[in-house]
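The values are calculated or read from the model by the stated rules, or taken from the named source; none is laboratory data. Only a predicted model underlies this, so the values are computations on that prediction, with no experimental measurement involved. Here Cβ is always computed from backbone atoms with ideal geometry, including for glycine, and neighbour counts include all displayed protein chains. Accessible surface areas use protein heavy atoms only, side chains included; no ligands, DNA or RNA. Shrake-Rupley method; radii C 1.70, N 1.55, O 1.52, S 1.80 Å.
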Amino acid sequence: MAVPFDQRSDLIWFDGKLVPTADCKISVLTHGLHYASCVFEGERAYGGEVFRGTEHSERLQRSAQLMDFEIPYSVAEIDAAKRLVLEKNNQKDAYVRPLAWRGSEQLGVSAQNNKIHLAVATWEWPSYFDPAQRLKGIRLDLADYRRPDPATAPTQAKAAGLYMICTISKHEAEAKGYADALMYDYRGYVAEATGANVFFVQDGELHTPTPDCFLNGITRQSVIAIAKGRGVRVVERHIEPEEMSGFSECFLTGSAAEVTPVSEIGPYKFKPGALTETLMTAYADEVRGVATVSA
């Protein structure tokens with residue numbers, strides 16, 4: 001049985017200090033727990049270096065600002081904390097999770113004076129999806145919940161509260177035997193999976209939803225740049241669900257998912273092909289190349 005995350009024998013950077021994970025505690029009256037005033041990042045380190053770590057730290061700060069609070073650490077300090085935790089945990093290839101939240105000084109909807117906390121945890125985490133299944137393409141269910149209208153939620157923040165419908169949707173998908181679920185947006189367009197962006201291939205071109213009500217993922221941006229660098233046309237647009245019947249390949253992108261082929265989304269079928277394989281390999285080379293140069 002896997003060791004529970006709160007009982008791991010490693011260290012967490014907590015408000016400027018390294019604390020044993022088992023001793024890293026917060027109050028049950030923490031505002032971030034009751035009112036979702038919490039933002040976070042999901043990153044990966046390769047060879048001891050966090051891939052595009054500074055961009056993740058910058059996004060963490062932007063997310064906090066959208067949630068109406070300021071993280072009391074600079075981007076450089078957040079980057080340094082991530083490097084320190086990786087070093088002290090003796091981890092080269094690892095998942096990196098910085099998060100910031102409002103504390104417990106005041107409990108109510110209004111909490112302007114609560115202390116803002118920052119923590120950074122790291123752990124070894126292989127492929128997000130089952131490796132054997134991943135190579136032949138994972139299967140996605142169609143989620144009932146939709147990504148919200150930007151007029152109803154801070155959709156450009158990587159905020160904890162925005163993930164509650166993702167957890168529900170992923171659980172429902174897994175209960176049916178799927179690996180994940182695809183979510184539509186509030187207008188009914190194709191949006192993303194529960195924790196990853198989605199791409200489709202049609203006649204040698206990449207088509208991907210416009211991220212106007214969900215995150216423009218950093219891995220998504222990397223894959224777009226890789227594709228364009230290889231002369232592949234990338235079309236960012238609104239995609240109607242029925243259009244999925246005309247795409248030949250499909251894959252997901254994300255720090256956890258990296259580049260993961262998809263074989264099925266509900267009634268729609270895809271076959272992992274040459275372009276998906278090329279981008280999988282190119283992305284793997286890029287993250288390893290950055291680590292090699294930076295180490």
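Charges were assigned to the Cβ only: +1 to each Lys and Arg, -1 to each Asp and Glu. The resulting dipole of region 1-125 about its Cα centre is roughly 100 debye. For ALA225 and ALA22, a Förster radius of 30 Å and the Cβ-Cβ distance give a FRET efficiency of 0.15, rounded to the nearest 0.05. Please report the spacing between the Cα centers of region 1-75 and region 222-242 in Å, no decimals. Each part's Cα centre sits 31 Å from the other's. Taken over the alpha carbons of region 36-102 as equal point scatterers, the Debye sum produces base-10 log I(q)/I(0) values at 0.15, 0.23, 0.25 Å⁻¹ of -0.44, -0.92, -1.05. Protein heavy-atom surface of region 40-122, 1.4 angstrom probe: 46% of the accessible area is carbon and sulfur, with nucleic acids and ligands not counted.
Computed over region 165-217, the quotient of the alpha carbon radius of gyration and 2.2 N^0.38 Å is 1.22. Accessible surface comparison of SER63, SER27, SER245, SER263, probe 1.4 Å, protein chains only, largest first: the order is SER245, SER27, SER263, SER63.
Entry for region 226-281 at q = 0.17, 0.20, 0.22, 0.23 Å⁻¹: log10 I(q)/I(0) = -0.62, -0.85, -1.02, -1.09, Debye formula applied to identical alpha-carbon scatterers, no solvent contribution. Computed over the chain, the P(r) tail beyond 24 angstrom holds 54 percent of alpha carbon pairs.
Working from Cα pairs under 8 Å separated by at least six residues, relative contact order for region 203-295 is 26 percent. For region 10-147, the alpha carbon convex hull comes to 148 Å³ per residue, rounded to a whole number. Rounded to the nearest 20 debye, the dipole size of the chain about its Cα centre is 300 debye, using +1 on the Cβ of Lys and Arg and -1 on the Cβ of Asp and Glu.
Exposure check, 1.4 Å probe, all protein chains in place: GLU258 carries approximately 40 Å² of accessible surface.
The apolar share of the surface of region 226-295, taken as the fraction of accessible area on carbon and sulfur atoms (1.4 Å probe, ligands and nucleic acids excluded), comes to 51 percent. Within the listed set GLY161, GLY53, GLY246, the residue fluctuating most in the Gaussian network model of the chain (springs between alpha-carbon atoms under 10 angstrom) is GLY246. On full extension, the segment bounded by GLU243 and LYS136 gains 36.3 nm, given 0.36 nm per residue less the C-alpha separation. Averaging 1/r across all pairs of distinct Cα atoms in region 160-288 and inverting the result yields a Kirkwood radius of 14.8 Å. Over the chain, Cα pairs under 8 Å with separation of 6+ residues give a relative contact order of 18 percent.
Extending 7 Å from the Cα toward the beta-carbon at both GLU70 and ALA153 defines two label points whose distance is 2.8 nm. Per residue, the solvent-accessible area of the chain (1.4 Å probe, heavy atoms of protein chains only, all protein chains present) comes to 46 Å². Dividing the Cα radius of gyration of region 77-206 by its Kirkwood radius returns 1.03 for Rg/Rh.
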